[in-house]
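As structure tokens, the structure follows; a few thoughts come after it.
The values are calculated or read from the model by the stated rules, or taken from the named source; none is laboratory data. Computed from a predicted structure; not experimentally measured. Heads up, the Cβs are rebuilt from the backbone with ideal geometry, glycines too, and the neighbour counts pull from every protein chain shown. For the accessible areas, the whole protein counts, side chains as well, though only heavy atoms, and no ligand, DNA or RNA atoms are used. Shrake-Rupley method; radii C 1.70, N 1.55, O 1.52, S 1.80 Å.
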Amino acid sequence: MPPSQKRARRYDPVRTRTAVLAQFAHVREAVRTLTPEQLALPTRLGDWTVRELAAHLTMALSGVTRSLELPEPVAAKPGLTPVQWPFATADRAAGIADDTGKLALDRPDLDALYEEVAARFEELVPGAGDERLLTTRVGVMRLADFLVTRTVELVVHTDDLNEAAGLDIPYDRQALAACTRLLADALAEKAPGGSVEVRIPPFAVVQCVSGPKHTRGTPPNVVETDPLTWIRLATGRTEWARELDGARVGAGGERADLAALLPLMA
């Protein structure tokens with residue numbers, strides 16, 4: 001896809017790191033309450049049970065610390081930006097699933113696993129520079145940029161866990177905002193243009209899709225939805241027609257149909 005010419009969105013690294021830890025803490029508190037019966041429940045993620053999903057959530061943080069423990073890659077600049085990250089994840093799905101299954105088997109004490117992962121993150125990440133390059137599963141990224149992608153991992157899988165186990169794990173506002181904005185920007189990257197305005201209040205507004213550009217007044221093509229519905233659409237947890245029929249998405253204008261562009265990552 002052609003690269004976007006728009007200025008990349010900036011994220012405050014300290015706020016992002018705080019949001020990642022806050023969301024991880026919310027998940028940990030909920031995982032502590034899960035019964036053996038709940039841990040054995042199926043999820044909407046293929047063959048994964050709740051236990052495997054809970055184990056996988058720790059990889060959002062351990063992926064950062066493992067990368068920091070490796071030598072810094074020799075690269076003049078990062079190979080991947082946050083807005084490109086959603087499109088680079090699909091090819092690694094099989095390896096991630098294998099690693100998740102092994103982790104769930106090897107670490108049956110989930111609370112101990114969560115404690116270990118959080119402690120290692122808090123030990124290594126604050127002392128590393130924002131520009132520090134990391135070798136991740138999908139390419140070389142700046143630490144500050146990779147942390148933004150962790151909000152997507154945590155928020156999306158928190159929603160998966162809530163759905164599977166009937167929980168009500170809260171969403172850290174900053175984590176939810178960063179996740180929403182990154183996925184909105186990814187849509188604009190995938191379908192550059194200015195003919196459709198996508199509104200996800202209170203966190204994001206982007207213009208996308210080639211065609212006549214809107215400059216003033218009410219845009220002729222508008223899509224509006226809430227953050228969690230947008231995140232589910234962008235990650236393939238739900239479908240455009242279903243959310244449109246359920247009035248969780250509003251779409252007005254002849255170009256305001258995003259079905260062919262979704263999901264952005266699955």
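For the reader, a short list of remarks on this structure follows.
- Filter result for P227 (open to solvent by 10 Å² or more (accessible area, probe 1.4 Å) and closer than 30 Å to F146 by Cβ): yes
- Options L147, L113, L154, L134: the member that is aliphatic (A, V, I, L, M), open to solvent by less than 20 Å² (accessible area, probe 1.4 Å), touching a residue at least 40 places away in the same chain (Cβ under 8 Å) and not in a helix (DSSP H, G or I): L134
- Qualifying residue in region 247-259 (condition: open to solvent by 30 Å² or more (accessible area, probe 1.4 Å) and under 24 Å from V148 (Cβ atoms)): no
- Filter result for R181 (open to solvent by 50 Å² or more (accessible area, probe 1.4 Å) and either in a strand (DSSP E or B) or at pLDDT below 95 (or both)): no
- For region 40-57, the set of residues classified as among the small types (G, A, S) and over 17 Å from F24 (Cβ atoms) consists of A40, G46, listed by residue number.
- Qualifying positions in region 88-127 - modelled with pLDDT of 95 or more and among the hydrophobic types (A, V, I, L, M, F, W, C): L103, A104, L105, L110, A112, L113, V117, A118, A119, F121, L124, V125
- Members of region 116-130 that are exposed (fewer than 13 other Cβ atoms within 10 Å of the Cβ) and over 19 Å from L57 (Cβ atoms): E123, P126, G127, G129
- Single residue of A112, A93, A104 found to be more than 30 Å from L187 (Cβ to Cβ) and under 22 Å from the mean Cα position of the chain (by Cα): A104
- For region 16-31, the set of residues classified as surrounded by 16 or more Cβ atoms within 10 Å (Cβ to Cβ), among the small types (G, A, S) and either at pLDDT below 95 or over 17 Å from P82 (Cβ atoms) (or both) consists of A22, A30, listed by residue number.
- From the options L68, L61, L34, L53, residue that is open to solvent by less than 40 Å² (accessible area, probe 1.4 Å) and touching a His at 6+ places or on another chain (Cβ under 7 Å): L53
- Scanning region 38-74 for residues that are more than 26 Å from E123 (Cβ to Cβ) and touching a Lys or Arg at 6+ places or on another chain (Cβ under 8 Å) yields L39, A40, R44.
- Close contacts from region 181-204, counting a first residue that is at positive phi and a second that is assigned to a loop (DSSP other than H, G, I, E, B) and hydrophobic (A, V, I, L, M, F, W, C), with Cβ to Cβ under 6 Å and a gap of 6+ residues or different chains, come to G193/V209.
- Selection of region 83-106 for residues being open to solvent by 20 Å² or more (accessible area, probe 1.4 Å), over 20 Å from P42 (Cβ atoms) and in contact with an Asp or Glu (Cβ under 9 Å, 6 or more places away or on another chain) yields V83, Q84, F87.
- Residues located in region 221-243, provided they are free of Cβ contacts under 8 Å to residues at least 60 places away in the same chain, of a type in the set (D, E, K, R) and farther than 15 Å from A188 by Cα: D226, E239, R242, E243
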